[in-house]
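Q: One structure, pasted below without further comment.
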Amino acid sequence: MADGGHNDAFDRWRQDPLVRLEKSLGPLQGRLLSLLVPECDDDPDLADDLVEAASCLRSVQDHYLPGMDIVISQSSLSTIVRFADQLTALAKLLTSNEDLDRASLLAHLKDYSAQLEDVLDAMRCDFLGEVLRRQDRARESSDLAAREVSAISRQIYFISINASVEAARAGEAGRGFAVIGEQIRNLSQDTSKALSRMKEATSSP
């Protein structure tokens, strides 16, 4: 059972959009760096993989966030597109000449890690912002429900008082109704206390 829970958590981690993005883009940097080492073999598929990665970045909402109701902000999209342009430029550099211009490649790679981290940070900010917005909406819904229940509780309280008054007027015949009225009043008061505790819990930082 524990192993199953661990595997589920691991699967969810692997499907996380940020993890998928980092796992797809991170290795490209290592492959590019290997081109700077004369003894390393050529990587004929690297240019195509760079173009594909750039295409996926430009359609980040559809490729990395399918079915998720999280929208990437325009600011984050600008950061993502800049990195996609960088990948495209690297692909062109690899295919432009037979002899690789290692100096140009090194210049392009200089900011690769920083740009990748900028992309991840931008998406993290969007994810966190969405989480906070959902928390605010949940808190607002909770407050609204609490106010409605509180209003119903007050109505029940006043009804129980009226029932007790009418039971007192009825004398001996109304004694049973007086007991019921008291129980309803206690229930209403317990509800009010529970709502107060809930309000304190939800308003705590």
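Q: What residues from the range 61-102 fall in the zone where the backbone N is under 20 Å from a label point 7 Å along the Cα-to-C-beta line of Ser141?
A: Answer for this model: 67-71.
Q: On to the next question. Taking neighbour counts of Cβ atoms within 10 Å as a proxy for exposure, in what order, fewest first, do Leu87, Leu28 appear?
A: Fewest-to-most ranking of Leu87, Leu28: Leu28, Leu87.
Q: Now for a different question. If a/c stays under 1.5 just call it rounded; otherwise compare a/b with b/c (prolate if a/b is bigger, oblate if not). Do that for the range 2-110, with a ≥ b ≥ c from the square roots of the Cα gyration tensor eigenvalues.
A: In terms of gyration-tensor shape, oblate.
Q: Shifting gears a bit: Have a look at the range 141-203 and give its Rg and Dmax from the Cα atoms, expressed in angstrom.
A: Cα only, the range 141-203: 14.5, 47 Å (Rg, Dmax).
Q: How far is helix 46-58 tilted, in degrees, relative to the longest principal axis of the Cα atoms in the chain, given as a value from 0 to 90 rounded to the nearest 10?
A: Approximately 30 degrees, to the nearest ten.
Q: Another question, if that's okay. Could you work out which residue, out of Arg139, Arg31, Arg175, moves most in a Gaussian network model of the chain, that is, has the largest mean-square fluctuation with Cα springs under 10 Å?
A: The residue with the greatest mean-square fluctuation here is Arg175.
Q: Which is the longest part of the chain that has none of the GluC sites (Glu not before Pro) sitting in a DSSP loop with at most 10 other Cβ atoms within 10 Å?
A: It runs 99-205.
Q: Can I ask one more? When a/c is below 1.5 the answer is rounded, else prolate if a/b is larger than b/c, else oblate, so apply that to the range 102-141 with a ≥ b ≥ c taken from the square roots of the Cα gyration tensor eigenvalues.
A: Taking the square roots of the gyration eigenvalues as a ≥ b ≥ c, the range 102-141 is prolate.
Q: What's the angle, to the nearest 10 degrees (0 to 90), between helix 2-15's Cα axis and the longest principal axis of the chain?
A: In the chain, helix 2-15 runs at an angle near 60 degrees to the longest axis.
Q: Would you mind computing, in nm to one decimal, how far apart the modelled labels at Asp11 and Arg197 are, each placed 7 Å from Cα along Cα→Cβ?
A: 3.8
Q: Another question about this same structure. Round to the nearest 10 and give me the degree value, 0 to 90, for the angle of helix 175-203's Cα axis relative to the longest principal axis of the chain.
A: 20
Q: Moving on. Against the globular-protein guess of 2.2 N^0.38 Å, express the Cα radius of gyration of the chain as a ratio, rounded to two decimals.
A: For the chain, the normalised Cα radius of gyration comes out at 1.90.
Q: Roughly how big is the range 128-205's charge dipole about its Cα centre, with Cβ charges of +1 (Lys, Arg) and -1 (Asp, Glu), in debye to the nearest 20?
A: Here the range 128-205 has a charge dipole of around 120 debye.
Just so you know, all these numbers are worked out from the coordinates, no wet-lab data involved. Nothing here was measured: the structure is a model prediction, and the numbers come from that model. Methodologically, a virtual Cβ is constructed for each residue, glycine included, from the backbone with ideal geometry; neighbour enumeration extends over all protein chains shown.
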